[in-house]
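Asks: Dropping a structure here in structure tokens format, bear with me for questions.
The values are calculated or read from the model by the stated rules, or taken from the named source; none is laboratory data. All values derive from a computational prediction rather than experimental measurement. Positions of Cβ are generated from backbone atoms using ideal geometry, with glycine treated the same way; all protein chains shown enter the neighbour counts. SASA here: full protein model, heavy atoms, side chains in, ligands and nucleic acids out. Shrake-Rupley method; radii C 1.70, N 1.55, O 1.52, S 1.80 Å.
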Amino acid sequence: GQFDPAVNEDWPLRVAVEKEHIHIVELLLATGNVNPSVNCNELLNNALQSGNAAIFKLLLNAQSGMPARVYNLMCVKAIANDHAAIVLHLLKTGKMNTAITNMLSYAARGGHTAIIQYCLTYNFPLDFYILRKLMSLAVQYGQTAIVQLLFAFPDASLIIGLQHTFIRAVTQGHAGIVQIFLALERVDPAWNNNEALRTAFEKDQPAIMRI
């Protein structure tokens, strides 16, 4: 008889996803006779966990009526696992009910540099507000690599409130980030009556005072 692609609770599709055979996954989905949501979206979660963006996209596009909160949760999981291509795809769907700023803020706080870099590299629309927010969080949480990455963004130093953010880095005691700011021509270490030096003294941060 004719082969049933949905045999044994979509066993062929489950195996194809597990083995990451993208062309077979594509063929099975094209039949319209398989259930991409089998076992409470087990396959989508597996692709998300493994970071296989191509298979994840195929399975996600085959879904219908999935609530926004599921998109939110998937994005958080993808960020936590540094699956940048999956994060970017989820952001572009427009189907989450939380602000993009919130998701990228989570990435900045946790030091997920690859996520921020991927969004910048692929020209995801990051407006000035988002850039300022990301820089502020990276400074607050001592994420030096993300600070460096954001400064590589065109005109970033013009839009982030350099002096105030510099003082925040001093206040938090992040010496590496303070050095990055001091390397910028637009940062004045003696600004506001030597506020940076006074802050370092008050916070008992000799390492920063010596920079």
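Asks: Out of Tyr141, Tyr106, Tyr129, Tyr118, which single residue is farther than 30 Å from Ile208 by Cα, within 18 Å of the chain's Cα centre (by Cα) and open to solvent by 40 Å² or more (accessible area, probe 1.4 Å)?
Replies: Of Tyr141, Tyr106, Tyr129, Tyr118, the one residue that is farther than 30 Å from Ile208 by Cα, within 18 Å of the chain's Cα centre (by Cα) and open to solvent by 40 Å² or more (accessible area, probe 1.4 Å) is Tyr118.
Asks: Out of Phe124, Phe181, report the one residue that is assigned to a loop (DSSP other than H, G, I, E, B), of a type outside the set (Val, Ile, Thr) and without any contact (Cβ under 8 Å) to a residue 40 or more places away in the chain.
Replies: Phe124
Asks: OK, next. Scan segment 55-79 residue by residue and report those that are closer than 26 Å to Tyr129 by Cβ and open to solvent by 50 Å² or more (accessible area, probe 1.4 Å).
Replies: Scanning segment 55-79 gives Arg69, Leu73, Val76, Lys77.
Asks: Would you mind stating whether Pro12 is touching a residue at least 12 places away in the same chain (Cβ under 8 Å) and either on the phi > 0 side of the Ramachandran plot or outside any helix (DSSP H, G or I) (or both)?
Replies: no
Asks: Considering each residue of segment 186-210, count those that are within 13 Å of Gln163 (Cβ to Cβ) and outside any helix (DSSP H, G or I), and give that number.
Replies: Of the residues in that region, 5 qualify.
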